[in-house]
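Since every read-out is calculated from the coordinates, none of them should be taken as a lab result. On a predicted model such as this, the values are computed, not experimentally measured, just so you know. Glycine also receives a Cβ, built like all others from the backbone with ideal geometry; neighbour counts cover every protein chain displayed.
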Amino acid sequence: MKVLLVDDEQKFALMLSKRLELRGFDVKPCFSGEEALEVLKKGARFDAAVLDIKMPGIGGVELKQKLSLLDPNLRFVFLTGHGSDDECIREEDIEMICLPKPLQINTLIETLHRIVGESGGSEKDKKL
Amino acid sequence: MKNDKELFSYESLAFFGRVNASISHELKNIMAIISETAGLLNDITEMATEGHAINSDLLQTSARSIMEEIQRGFKTIRQMNRFAHCVDTPVESVRLEEILDLVINIAGYLAYSGTTRMRSLKNEKGIVVTSPLLLAAVVYHALIFSYKNSGPDAEIEIDLSQWNDKMWRIAIHGFNIKPFQTFPDEHLEKIAGSIGVGIQCDRFNNRLDLDVPTNLDDYSIQSDGMTSAN
């Protein structure tokens, strides 16, 4: 599964990317919404995008709208370090799936499988 | 609000709440990084038990990351502690540089904050008698206004200088005021007025000037929360 991961906390994005890669995911980490948009504009395509909600510049919710215009098939999961776990429910978009930070990697993986409808990452690259 | 006293109490509490929320967000981010790094260390251990070679570079990077985040956490807690002590004394002699440094740090936890640099001109001491909490609240709101009127890569500058023997000036610039944006609102103007702080929003030159009296006792607080010089 190809995953776009966008979080302005660079270390968080890199560590999570590495952990997902060990589980067979093909991950592209980006550290801003602007960088993520550039990646898609250059033609890269992903099965799912994991977006931090609060970022400088383009935040996660606005980024979802912009990314969807570039790839209508992209599926989304949001991450939040703010407030309660159901923060996203307050957003207008009822389809938002939001996971709190610090997150459980298994929860993220289950969520990614559920929204993309795949059974897992590429077995040949899977180390865990 | 029945009166200004209630307004100030509410605004002080609201300010505390906002700062608390941004600090807790910062701590959550730190915990998230430590959590992912610890998870990665666990992954490496599991892989080693299954016969995979240990990547020593990754181990070293992970250990360093945890140590750096712990230091970041301690720094955040120190700022939280400094902020908590703002309410120790309603009015006291404070160094403006320290108030500005504290506010720059706590405002820096906001997702939309930019880089902020402070310059104290001529090594002046900037000691004033004021309400540390209310002054911090006024500067905090001014910085938020600056961030919201600038891009994510903007560098906000704060110049501190003695305007005259009774007044210090905090000049904030490095942003572009968007159309229809005004500062301050009525509530903040009252709060600033209650400690004798004058606020000028210069749309033409894109700057905010906060004039802070050297001694709050030189001002009398009127019933509407505004002040006048004695």
Can you compute the modelled spin-label distance between B:Gln71 and B:Met47, with each label point 7 Å from Cα toward Cβ, in nm? 2.6 nm
With 0.36 nm assigned to each residue of separation and the Cα-Cα distance removed, B:Thr182 to B:Ser24 gains 54.0 nm
Taking the Cα-to-Cβ direction at B:Cys201 and at B:Arg78 and moving 7 Å from each Cα, how far apart do the two end points lie in nm? 3.5 nm
Would you mind giving the mean number of other chain beta-carbons within 10 Å of the Cβ of each residue in B:52-63, as a whole number? 1
Shielding of A:97-105 by partner chains, average beta-carbon count, 10 Å: 4
Each residue of the stretch A:70-78 in turn: what ³J(HN,Hα) in whole Hz from Karplus with 6.51, -1.76, 1.60 and θ = phi - 60°, glycine and Pro shown as x? 7, 9, x, 8, 5, 9, 10, 10, 9
Run a plain Debye calculation on the stretch B:53-161 (Cα atoms as equal point scatterers, no solvent) and give log10 I(q)/I(0) at q = 0.21 Å⁻¹, rounded to two decimals, same order as the q list. -1.16
Anything over 28 Å Cα to Cα? Flag those among A:Lys11/A:Lys126; A:Lys11/B:Lys148; A:Lys42/A:Lys101; A:Lys64/B:Lys178; A:Lys11/A:Lys42; B:Lys28/B:Lys125, in the order listed. A:Lys42/A:Lys101; B:Lys28/B:Lys125
Bounding extents of chain B in its principal axis frame from Cα atoms, largest first in Å, are 80, 37, 35
Per q in 0.10, 0.12 Å⁻¹, report the Debye log10 I(q)/I(0) for the protein assembly as shown, using one uniform scatterer on each alpha carbon and no solvent. -0.72, -0.94
Euclidean distance between Cα centres, the stretch A:41-78 to the stretch B:22-61, Å: 26 Å
Binning every alpha carbon pair distance of the stretch B:50-107 at 5 Å from zero, what are the percents per bin? 4, 15, 16, 15, 11, 8, 8, 7, 6, 5, 3, 2, 1, 0
In debye to the nearest 20, the charge dipole size for the protein assembly as shown, taken about the Cα centre with +1 at each Lys and Arg Cβ and -1 at each Asp and Glu Cβ, equals 520 debye
Please list 3J(HN,Hα) in residue order for the stretch B:178-184, calculated via the Karplus relation 6.51 cos²θ - 1.76 cosθ + 1.60 where θ = phi - 60°; whole Hz, with x for glycine and proline. 6, x, 6, 8, 10, 8, x
What are the ³J(HN,Hα) values, in whole Hz, obtained from phi via the Karplus relation 6.51 cos²θ - 1.76 cosθ + 1.60 with θ = phi - 60°, for each residue of the stretch B:160-168 in sequence order, with x given for Gly and Pro? 10, 8, 7, 7, 7, 5, 10, 8, 10
Selected from A:Leu14, B:Gln60, B:Phe8, residue furthest toward positive end of dipole (the protein assembly as shown; charges at beta carbon): B:Gln60
How far apart, in nanometres, would the label points at B:Ser161 and B:His85 be if each is projected 7 angstrom from Cα along the Cα-to-Cβ direction? 3.1 nm
